[in-house]
Every structure is written in C-alpha cells, then in structure tokens.
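Below is one structure; the comments refer to it alone.
The values are calculated or read from the model by the stated rules, or taken from the named source; none is laboratory data. Quantities reported herein were computed from a predicted structural model and do not represent experimental measurements. Using ideal geometry, Cβ is built from the backbone for each residue, glycine included, and neighbour counts are taken over all protein chains shown. We work out accessible area using only protein heavy atoms, side chains counted, and drop any ligands, DNA or RNA first. Shrake-Rupley method; radii C 1.70, N 1.55, O 1.52, S 1.80 Å.
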Amino acid sequence: MKLSVVILNYNVRYFLELCLHSVKAATTNIDSEIIVVDNNSHDGSCEMVKQLFSEVILIENKENLGFSKGNNQGVAVAKGEYICILNPDTVVPEDVFSQLLKFSEAKENLGIVGCKLIDGSGKFLPESKRNIPVVKVALQKIRGNSANYYANHVQEDEVAKVNILVGAFMFMKRAVYNQLEGFDEDYFMYGEDIDLSYKAIKAGLDNYYFGTTMVIHYKGESTLKDKSYAKRFYGAMQIFYKKHFKSNIVFDVFVWLGIKLAFLFRKAPKVAKKDSKNSYAFSSKNVEFLSKKLQKQILLVNSKEEIKNASTVIFDTSSMTYKEIISNLIHLNRKSDISFRILVNNSNFIIGSDSSNSRGEVITF
C-alpha cells in the first residue's frame, strides 16, 4: 500500500465529514487507506464515520488520549509506505497526495513534508513553515515579535527546506516516522509537531515546505486562543527546551517567566462576525434548495467577478472540485468582508469559518 492518511478527531463531527469527503477525492487513484482515531468524542463523530465512510478504519478511544498518543495509535495500524498526519478540520485538494508522492519519491534523505495552509477566509497561516524555536526566538515570539519564529526567508508559494512544520498536515515515509519514534507522548497537545520536526533535523534528514499546493485548515476548531491554550502551548515549549537544549538555571528562569507572562496577559481575541449583504452560490443545482433552507435569497454566480464586497459565498462540491474551491477562496480573499461556506454534496449542512482564532459556523438543515 502506498499511503495511509491518519486523522485524529475530537468533537468536530461536521468538519471531519467535510475532511473525509475531500480525502476520499484525493486518494481515488492511490492505493491507500484512511484511519480515523477518535479521542472519545460525544458529538456523533463515530456514528457518522460508520454510516457514511464504512471503508474507513475507525479506532474509538474511551478517553481523550491527546494528540501524540492518538496519532501514534493510528500509525501503529497503518500499512502505507507513506503516511499523512492530518487534522480533521482541514480540506485537501484532489491532487495534494499525488503531488507530494511525486515530490517525495524524487528526494533522498527526506524527512517531513508540509504544505501551504490557509484558514477559512483564505488567509495564509505562517506556522506552515517555522524556524527552530530556540530560547531567544521563543521569547521574541512571546513578546509579539514573530520575525524569527516563522521561516519568513521562504516565500509562501516556494518549495524549500525548512526546519519546523505544523502537525495539521505532515507527510512522510512511515519508516521515517518509526525511525523518529513517532510523536513524543510527553506532550498532550501542542509542541509535538515542533518536537518531531526537530528530531528529523537532528537525525540529519531534510524537512521541506511544499508551498505550491494549498490546504484549508479551519484552525479555530483545534486551537482556540484562550488562557488554557497559552498554558498548554508554553508548557509544551518548556518540555521541548528541557529535552533538546539541556538548559541551565538562567535559561530555566527566562522560560518560566515567559510562560507565566504569556499565561497571565494573553487574552482571547474578539472576532467580529462579518455582516453579509448578499449571498452567492457556485452551484449548478442547489441554489433553490439553499434559498429555501437558509430562508434567504441565494444568487447563482458563474464568475468570481460577480461577487460583491460584504457577501457570503457558498461553494457546492457537486459543482466544483475541492481544488477549485480553494483556488476561488484565495482569489476572493482579496475582496472585503467575504465569508466562505462549503456545501458538501448530498449532505445536510454548510460549514466554514471567518477567522483562524474562533470556532467555525455549521448550519444544519
């Protein structure tokens, strides 16, 4: 088998359904398997997988084992030569895995490959490519200076070596994952991807950012920015430093102080809901259906140029490929106050997000 896609899920049932539809479309012509590890969700996620995706290998945990242990469970049963660690709140284009397989098979000494991630509004997520967060860089980040934290020397659409990739999408040989002993289970959530990326670098492998393919990551679903997040994230950084940098007492004091300050003063961002004056749908058959279900006029659109500012745009997967949806989302992001939603063919909901810092919106019919 060529590829195993491992998806760790926790209470994002509708985002998981959208993700699985896109992954199925992206693995149609690849000898592959999809593995979902569920960390004791209580939102019907497992029932949905069983009903709609009977071919998916489903592991149902009876407790939340965390990111590292859950993904390690999935990889342990994987059979693919390559694996992709994928968040459930993502949407992948149809050619993402074929592109990465072609790229990876032409490289020697390959570690981990990541791709360009965008949020639900089409905004680039800079954590797609990062530098090693040594103490000086991490403390700069805590103080709000991210210039050296992100790999800004690499362009968004470039293909290049980088040190640190993000756990929402990590592509590698299963043998490499096993060589690196997978995700370190000392981390419960956050920091595992930095640790795995750095272990690959220390092993002499080359990590790559593949910026020519894009994946939507509805980041707010898995990384809400509140004080609990700050405590977990910077706590994970402390574990990372202790494991890899063998700090002295001065080092420890600075890291401890940085974590405390981040925890005390970090505030959850306030995200204003966008006010949509018009609603459009790229759809060949569902405009009347959407108008009825949403109880508002939905205008059929055939060209991106027809879209006005302050609008909601609904992409219908019965009329568009996932790659076309992502491309249109990027293009329309240049307009002001556009909200994007996706209607999955034969489903009873539309879904999307206006910010990487807050939960997305799911409207069920």
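For Tyr241, indicate whether it is in a helix (DSSP H, G or I) and either surrounded by 15 or more Cβ atoms within 10 Å (Cβ to Cβ) or modelled with pLDDT of 90 or more (or both).
yes
So, in the range 10-57, exactly how many residues are of a type in the set (Val, Ile, Thr), closer than 18 Å to Gly120 by Cβ and without any contact (Cβ under 8 Å) to a residue 60 or more places away in the chain?
Residues in the range 10-57 being of a type in the set (Val, Ile, Thr), closer than 18 Å to Gly120 by Cβ and without any contact (Cβ under 8 Å) to a residue 60 or more places away in the chain: 0 in total.
Hey, Lys199 hits all of (1) over 29 Å from Phe15 (Cα atoms); (2) in contact (Cβ under 8 Å) with a residue 24 or more places away in the chain; (3) not β-branched (Val, Ile, Thr) but one; which does it fall short on?
All conditions are met except number (2).
Which of (1) open to solvent by less than 10 Å² (accessible area, probe 1.4 Å); (2) touching a helix residue (DSSP H, G or I) at 6+ places or on another chain (Cβ under 7 Å); (3) more than 14 Å from Asn207 (Cβ to Cβ) does Leu165 not meet, given it meets every other one?
(3)
Tell me which residues, restricted to the range 299-331, are touching a Lys or Arg at 6+ places or on another chain (Cβ under 9 Å) and without any contact (Cβ under 8 Å) to a residue 24 or more places away in the chain.
none
What tally of residues in the range 181-206 results from selecting those that are over 21 Å from Tyr149 (Cα atoms) and either open to solvent by less than 10 Å² (accessible area, probe 1.4 Å) or of a type in the set (Val, Ile, Thr) (or both)?
Count: 2.
Could you list all residues from the range 148-180 that are within 25 Å of Val23 (Cβ to Cβ) and part of a loop (DSSP other than H, G, I, E, B)?
Glu156, Asp157, Val162, Leu165, Val166, Gly167, Ala168, Leu180
Which residue, of Leu16, Leu65, is out of contact with any Phe, Trp or Tyr (no Cβ under 8 Å at 6 or more places or on another chain) and at pLDDT below 95?
Exactly one of Leu16, Leu65 is out of contact with any Phe, Trp or Tyr (no Cβ under 8 Å at 6 or more places or on another chain) and at pLDDT below 95, namely Leu65.
Scan (1) open to solvent by 30 Å² or more (accessible area, probe 1.4 Å); (2) modelled with pLDDT of 70 or more for the single condition Val215 breaks and write down its number.
(1)
Given the options Glu127, Glu105, Glu94, name the one that is open to solvent by 10 Å² or more (accessible area, probe 1.4 Å) and either basic (Lys, Arg) or farther than 30 Å from Ala310 by Cα (or both).
Unique residue meeting the criteria: Glu105.
What are the residue pairs meeting all of these: first residue in the range 349-363, first residue farther than 14 Å from Gly122 by Cα and touching a residue at least 24 places away in the same chain (Cβ under 8 Å), second residue open to solvent by 50 Å² or more (accessible area, probe 1.4 Å) and of a type in the set (Ser, Thr, Tyr), Cβ atoms under 9 Å, and 6 or more apart or on different chains?
That search, which allows pairs on different chains as well, returns Phe349/Tyr14; Phe349/Thr364; Ile350/Thr364; Ile351/Tyr14; Val362/Tyr14.
Looking at (1) assigned to a loop (DSSP other than H, G, I, E, B); (2) in contact (Cβ under 8 Å) with a residue 24 or more places away in the chain; (3) more than 19 Å from the chain's Cα centre (by Cα), which one does Phe183 not meet, given that it meets all the others?
Only one criterion in (1) assigned to a loop (DSSP other than H, G, I, E, B); (2) in contact (Cβ under 8 Å) with a residue 24 or more places away in the chain; (3) more than 19 Å from the chain's Cα centre (by Cα) is unmet by Phe183, namely (3).
Give the residues of the range 170-180 that are open to solvent by 20 Å² or more (accessible area, probe 1.4 Å) and not basic (Lys, Arg), sorted by residue number.
Once the filter is applied, which keeps residues that are open to solvent by 20 Å² or more (accessible area, probe 1.4 Å) and not basic (Lys, Arg), the range 170-180 yields Ala175, Asn178, Gln179.
Go through Lys79, Lys50, Lys69 for me and flag whichever is open to solvent by 60 Å² or more (accessible area, probe 1.4 Å) and over 21 Å from Ile112 (Cβ atoms).
Among Lys79, Lys50, Lys69, only Lys50 is open to solvent by 60 Å² or more (accessible area, probe 1.4 Å) and over 21 Å from Ile112 (Cβ atoms).
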